[in-house]
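To start, the structure itself, in structure tokens.
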């Protein structure tokens with residue numbers, strides 16, 4: 001179902017594909033970008049430049065979460081590597097405040113994502 005919304009940097013129509021971090025995730029039908037509606041409370045709406053990039057970034061984060069990292073140093077290095085890799089996959093992750101929460105560990109509590 002097409003909808004109008006989420007913010008100033010998108011044209012629409014929008015197709016809801018799910019929810020994440022307190023808001024609806026929509027696909028912008030004109031650009032293909034994955035966006036989060038403004039009701040989430042985050043200052044940016046752009047999650048990823050495309051649906052495949054969004055899915056890839058989420059999968060990498062999930063893989064990080066389930067990885068066995070026996071020392072704090074390895075965990076810190078893995079998180080840094082994750083962020084660097086993700087920013088290479090999709091530069092949109094560099095500016096989104098929702099991604100800051102992901103990469104700073106605020107979602108690492110089980111059940112928070």
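Computed quantities for the displayed model
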| read-out | value |
| --- | --- |
| Test: residue in the stretch 71-85 that is modelled with pLDDT under 95, in contact with a helix residue (DSSP H, G or I) (Cβ under 6 Å, 6 or more places away or on another chain) and within 27 Å of residue 11 (Cβ to Cβ) | no |
| Output for the stretch 35-62, where each listed residue is more than 18 Å from residue 11 (Cα to Cα), part of a helix (DSSP H, G or I) and either under 12 Å from the mean Cα position of the chain (by Cα) or modelled with pLDDT of 90 or more (or both) | 52, 53, 54, 55, 56, 57, 58, 59, 60, 61, 62 |
| Subset of the stretch 34-45 (residues that are free of Cβ contacts under 8 Å to residues at least 24 places away in the same chain and either out of contact with any strand residue (DSSP E or B) (no Cβ under 9 Å at 6 or more places or on another chain) or on the phi < 0 side of the Ramachandran plot (or both)) | 34, 39 |
| Meets criteria (buried (at least 16 other Cβ atoms within 10 Å of the Cβ) and in a helix (DSSP H, G or I)) for residue 25 | no |
| Of all residues making up the stretch 9-22, the number that are in a strand (DSSP E or B) and free of Cβ contacts under 8 Å to residues at least 60 places away in the same chain | 6 |
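The values are calculated or read from the model by the stated rules, or taken from the named source; none is laboratory data. Please read these numbers as outputs of a predicted model, since none were measured by experiment. Because the Cβ atoms are built from the backbone with ideal geometry, glycine has one as well, and the counts that use them run over all protein chains shown.
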